[in-house]
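To start, the structure under review is shown below, and the notes come after it.
The values are calculated or read from the model by the stated rules, or taken from the named source; none is laboratory data. A quick note: this is a predicted structure, and the numbers were derived from the prediction, not measured. Note that we place each Cβ from the backbone using ideal geometry, even for glycine, and neighbour counts take in every protein chain shown.
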């Protein structure tokens, strides 16, 4: 049983079915019927008009968003543990043509308005320093924590006051919404988010993520489409990406999948309340685990990553059933 | 009936089946079992050891290859009608960080050694000019013509003599091989090609192309993998790309599909020998057609692009059956 | 006697004197008293409010201007023989982060509105092609010809109608103004020019050129200042650049120097009316010259570049006195 | 009396004299007689063969060096307070095309081998993270401290062991050598430095710095020359830059100037031993100073920057005579 990453999980059946259903001749790139439905379908999810662009990776969605929010000579404030800083091999720097990430702190990979302001206030307002133009937060965070609505709104207010853009890396957005049990609108544009990388791949999709532009940021859609093309991300048979996303939106499958993964994580977390490094609010559980304990779990067939020294990361997926999770929970409880 | 583009065609069934067959948990990115088989499977196709990297678009494959062959201050010689020049919105410039495309001529979008040498010889050897580092040719060409083995070899010899890399944009490589009826090796590494963008999407795939590195160019695989990641092209569920490619290689499906499209084009071309702008060697037919003639064909339900004034482009696909083609051929013949 | 390039000429004495006069402590970068006078001094030259930024090379001025006028996914129309295309080793591509130069034709390296429109009209308005955002013309041109006021104005009108920026590479702007005998304003902002690279180095300066922003383009000054800094072009002792420029503006020294070089060129051209490849309107003379004739001139001590086969380029400088020129003129006349 | 920055100081007379002496016709760019002497003259300073390239700013020298040492997908380890991180507006990111600076700690803006290794060891060796390719240290440091020979050598050993390049930002290299009283070779190539940005502007020059390549790094000279050109840093009258540098090397003027500035700093530091934030080893003195104390010094005509809260930075220059410094020293001592 594998708890390495939700990236390793399978694709859910409705997505495969949608690929088959889309399998007929249609216009190329994003001029097909399915791609043309994306804005509207996402508008319903977010209760407002949006621009929605499919891409095949979250890294591409993040990098395209940041490039639209920050000039090459500017800087972007993110958490020291952000995926865009540590796990995208410089895609933000590539797509922004050299903007700098300024690194903040905060529990569980969550930024705070105070932390953000502190970084920005340390930047002299002259041409020798790269002026902040945007903030990027990850929802759910890289450590499995979730920003509450008021937390995002406070950051959104700060961004607005300073004239910055606010990007949300939602690789695990479904898990966050499932955890918060709130409207998707409340944690995004209503809280000041300009652009959202809405992830589907970790949550049962195959190869489709969606970049969502809200409010005034929608005006950037044209420019981003040029950047998507020059980044090599305008698939010629794009309808198979749109099909995946639309299938995941149908009957809120994305939410059901996110909830399932969260429930699995909760089973594990509840078995080890004293071991938790962070509250397990989404589908990642970080626990303290000695090398011997880790070895004993692995001997029982549970695979996962060590996380630094004395800690482990357990990621649950949309398709992990209780009969897979329960043995792990029991094994941890029995340590 | 649509003859706009092979990009509009459907995905062939074995590819869809392969996606379903791949649908179980496996390691993320390109560490899964299918991705790990790619080098070996491509090695059999090309009768030599290769490095094979999946990406989701031909534009990405081309741009990654060119970036590995040419520094930012260098230049790349290609045809004036090359896809990399006209239809990739600057992806080569983006991935190479600003290298320049130098544009050559030649019938049917095919370069000649003389033309290439003429361009290069016009470049002063000093720091004020961008020195050529690579040549890129398209096989089959943007005008549906095919380079013969000796034609590629002559360009390959020139590149070797000058110390340049040779890239082949094989978006329609299957159509070229079907037309040439030669070994894939003969028209690539044996003729001096260093890197090939091996296309599958136009030929019945969904979202997987493959960049192939031959011979000494294989040493660039590591660097290209970093660039693929920072370009946002390392899909987390990469196994679904590998699955597509492997399905297309199985029993030479790629060749069968390419042959089918070529045969369809031949039916059309044979119906209009006096109208051909270029010999229809692959799956594209360019014919002279007056506005009235074009309108009359469209009135009969045939869709295609005008190509400049008084010409039309008809592209056939792997899945177009004779009963679709014959009426078009007859309609053209009857004009 | 050397007729290779005006780049080889000496620096005129007032510029050296100005360096000595500036040699006391002052604020660093461009906050010193001299740099702060630049906008005003240039405003007088151009009879309007301008933003004026010193840089140390024309290549930097050109590249910064183009980067401010064209996004990375856009294109810039220039002449096939433009310095930005052939002699800046990709600086425009570097500073624009990959924009493409689209190459036009026209006698004597001068673009025409028809030629420009023809290039632009060949670009499909979709994300696959790099849309034009700017035009760059060189005044005086790379072949020593000068755009008349109405010629620039016609291009300016076209740019305005299409929403493009218009950049003028004025490496030899002084020679052009001297030839036209018009107001600097008439051939720049009044004719629709947004940005001018105003050259001084070829004309008696040492290491200072100036980028001038007119009208609405002035709003880009802040962004360009960031780009100048990140390009490494914000000299810490910038006052020594401002001093050079101000010295050249004093009593219209720049115009006097330009006129002197033009007069020298005219002496040569008048001696060889039948050999002229282009009208010698500024300070460059292109003449037909056989290899034997070239050798005979060189044997007499005249140095110059061959220009292709059977042609030669003779460039005169601000400091070449009639007793230097007359012998060359006579030698050519006597061939 | 101004203690803001050595950038504000005047140019020393021998440099001005050298400009006048160079003021005759010569070949353009770096093919003139003076530029051609640079390698040899620097070779004598460093007791080994070097490649020496003039540029007009330290930012350009640093950025060109880093771009030659690190690919776009790599990272460079430097101190959190490094000039390349904080005061070059992203020039390193621009010239490297997006490499990332990884920030280390250490007293007085000096890195340690342990600190460097700690950063590098935290980077996973996979394509998701930007692998370190170089280290950059500043000598003298941004806080006026000097790396001892064995300190540089230890970092050099680490770089060699890991296969990284080592760059030294020597904006105040003269001050460092004056402080160490050692051979320039001992603190550079003999200690493992591959590239040095050798600063002259802060030390009495006008607009010329020099990038020095040692040992195996010399092979990068050609590539760097292309990058210098495309960065707009190949001045057409380059001989006036070479002249400045050669004048500063003559009779070790650079060392005399550096020593003079250091001596001035020592006078100040000796007057305030209890206020020193860092040992004043070069020409910068950082002292604790209350707002009232700062105001009282300013009221007496001494100008300087506050440095954070309760601290001040006092920078001395090559041309500040004892009668300028003594009153400041006395005023501080009397606080």
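Data table
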quantity: Qualifying positions in the range C:296-328 - part of a helix (DSSP H, G or I) and more than 28 Å from residue C:248 (Cβ to Cβ); calculated: C:296, C:297, C:298, C:299, C:327
quantity: Some residue of the range A:124-134 being in contact (Cβ under 8 Å) with a residue 40 or more places away in the chain and out of contact with any helix residue (DSSP H, G or I) (no Cβ under 7 Å at 6 or more places or on another chain); calculated: yes
quantity: Any hit, the range C:201-221, residues being in contact with a strand residue (DSSP E or B) (Cβ under 7 Å, 6 or more places away or on another chain) and without any contact (Cβ under 8 Å) to a residue 60 or more places away in the chain; calculated: no
quantity: Failed item in (1) in a loop (DSSP other than H, G, I, E, B); (2) farther than 18 Å from residue B:170 by Cα; (3) within 9 Å of chain C (Cβ to nearest Cβ), with residue B:103 passing the rest; calculated: (1)
quantity: Residue check, residue C:306 free of Cβ contacts under 8 Å to residues at least 40 places away in the same chain, touching a helix residue (DSSP H, G or I) at 6+ places or on another chain (Cβ under 8 Å) and surrounded by fewer than 16 Cβ atoms within 10 Å (Cβ to Cβ); calculated: yes
quantity: Helices (runs of 4 or more DSSP H) enclosed by the range B:143-252 - at least 1 residues per element that are closer than 27 Å to residue B:36 by Cα; calculated: B:173-180, B:221-230, B:239-249
quantity: Hey, residue C:93 in the same structural domain as residue C:195 (by TED's automatic domain parsing), part of a helix (DSSP H, G or I), modelled with pLDDT of 95 or more and more than 30 Å from residue C:285 (Cβ to Cβ) or not; calculated: yes
quantity: Qualifying residue in the range D:31-45 (condition: facing chain C (nearest Cβ under 7 Å), within 18 Å of residue C:205 (Cβ to Cβ) and either at pLDDT 95 or above or touching a strand residue (DSSP E or B) at 6+ places or on another chain (Cβ under 7 Å) (or both)); calculated: no
quantity: Single match in C:92, C:72, C:14 (criterion: without any contact (Cβ under 8 Å) to a residue 60 or more places away in the chain, farther than 16 Å from residue C:234 by Cβ and more than 7 Å from every other protein chain (Cβ to nearest Cβ)); calculated: C:92
quantity: Hits in the range C:241-256 - residues which are under 16 Å from residue C:211 (Cα atoms) and touching a helix residue (DSSP H, G or I) at 6+ places or on another chain (Cβ under 7 Å); calculated: C:242, C:243, C:244, C:245, C:246, C:248, C:249, C:254
quantity: Any hit, the range D:227-237, residues being in contact with a strand residue (DSSP E or B) (Cβ under 8 Å, 6 or more places away or on another chain), buried (at least 19 other Cβ atoms within 10 Å of the Cβ) and either at pLDDT below 95 or away from every other protein chain (no Cβ under 14 Å) (or both); calculated: no
quantity: Residue count, the range C:253-295 (criterion: crowded, with 16+ Cβ neighbours inside 10 Å and in a helix (DSSP H, G or I)); calculated: 19
quantity: Hey, residue C:208 surrounded by 24 or more Cβ atoms within 10 Å (Cβ to Cβ), within 14 Å of another protein chain (Cβ to nearest Cβ) and in contact with a helix residue (DSSP H, G or I) (Cβ under 9 Å, 6 or more places away or on another chain) or not; calculated: yes
quantity: Failed condition for residue B:61, given (1) in a helix (DSSP H, G or I); (2) more than 16 Å from residue B:173 (Cα to Cα); (3) within 11 Å of another protein chain (Cβ to nearest Cβ); calculated: (2)
